[in-house]
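What follows is a short report on a single structure.
The numbers here are math on the coordinates, done by the rules we state, and not lab data. From a predicted model like this one, the values you see are computed outputs, not experimental measurements. FYI the Cβ positions are ideal-geometry reconstructions off the backbone, even for glycines, and counts take in every protein chain you see.
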Amino acid sequence: MKNIVLIGMPGAGKSTIGVLLAKSVLMDFTDTDLLIQREYSKSLCDIITEKGIEEFLKIENNVICESIFENAVIATGGSAVYGKEAMEKLKNESVTVYLKVKPEILEKRIDNIHTRGIAMEKGTTINELYIQRAPLYERYADITVECDELSAEECVDEITTKLKEQ
């Protein structure tokens with residue numbers, strides 16, 4: 001089976017759903033945010049603060065491009081879709097699943113927006129970030145799952161059903 005890549009906004013549930021999905025389909029789980037933190041021995045927030053958003057996006061792109069993923073569910077950072085090379089690599093090796101969640105639900109889920117390590121300019125709202133990123137998520141998605149009203153387990157069921165239809 002191809003790798004399964006989860007894309008979507010911060011707070012969409014990529015990491016939580018990714019772990020459950022990996023168990024369900026008997027695959028490994030990788031979170032690209034954790035790969036970046038391990039490589040730099042710093043939190044995403046610290047990397048973004050010290051290096052800036054543009055440099056962080058280059059780091060994210062490079063870490064994904066340099067990583068080898070086999071038989072894995074991969075939760076990407078919400079900003080991974082800005083990395084053209086990274087997304088091309090992931091698309092070639094994987095089925096890409098967009099976990100779509102409305103901005104008003106994301107706002108309720110994200111209570112630590114300034115310490116979470118989200119690649120966004122100061123003063124940008126979740127809604128503005130959603131407007132910027134949604135077209136990229138839609139462009140790269142092989143499968144889209146509307147997660148607004150679903151539990152993590154229900155999202156996993158929806159993903160596995162749609163994977164079988166591929």
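The calculated FRET efficiency for R139 paired with S15, based on their beta-carbon distance and R0 = 25 Å, is about 0.65. Taking 7 Å steps out from each Cα toward its Cβ at E107 and E165 produces label points 3.1 nm apart.
Give me the percent of DSSP beta bridges within the chain that run antiparallel, rounded to the nearest 5. Write down the numbers at each step before the final one.
Working: 0 of 16 bridges.
Here the antiparallel bridges make up roughly 0 percent for the chain.
Using a Gaussian network model of the chain with C-alpha springs under 10 Å, which one of L44, L26, L129 is most mobile by mean-square fluctuation? Residue with maximal mean-square fluctuation among L44, L26, L129: L26.
Which residues in the range 57-84 place their backbone N less than 20 Å from a point set 7 Å from the Cα of K122 along the Cα-to-Cβ direction? Residues passing the 20 Å test: 57.
Which pairs in the list K2/K102; K89/K164; K108/K162; K2/K51; K2/K100; K51/K108 are over 32 Å apart, alpha-carbon to alpha-carbon? Before the final figure, lay out the partial values.
Numbers: K2/K102 28 Å; K89/K164 23 Å; K108/K162 27 Å; K2/K51 34 Å; K2/K100 21 Å; K51/K108 29 Å.
Beyond 32 Å between Cα atoms: K2/K51.
Taking amide H as placed 1.01 Å from N in the peptide plane, T144 has its amide H under 5 Å from the amide H of Y98, each at least 5 places away in sequence or on another chain.
Here the spin labels are modelled as points 7 Å beyond Cα on the Cα-Cβ line, and at C45 and E70 they lie 3.7 nm apart. The GluC sites (Glu not before Pro) of the range 37-127 that meet both conditions, a loop assignment by DSSP and at most 15 other Cβ atoms within 10 Å of the site Cβ, are E70, E121.
Based solely on its DSSP helices, what 222 nm [θ] is calculated for the chain when runs of n ≥ 4 H residues each add -39,500 (n - 2.57) and the sum is averaged over all residues, nearest 500 deg cm²/dmol?
Values: 8 runs with 89 residues, N = 166.
Dividing the helical sum by the residues of the chain leaves -16500 deg cm²/dmol.
In this structure, the amide hydrogen of I4, modeled 1.01 Å from its nitrogen in the peptide plane, lies closer than 5 angstrom to those of A72, V73, I74, V95, counting only residues at least 5 positions away or on a different chain. Taken over the range 3-114, the convex hull of the Cα atoms encloses 101 Å³ per residue.
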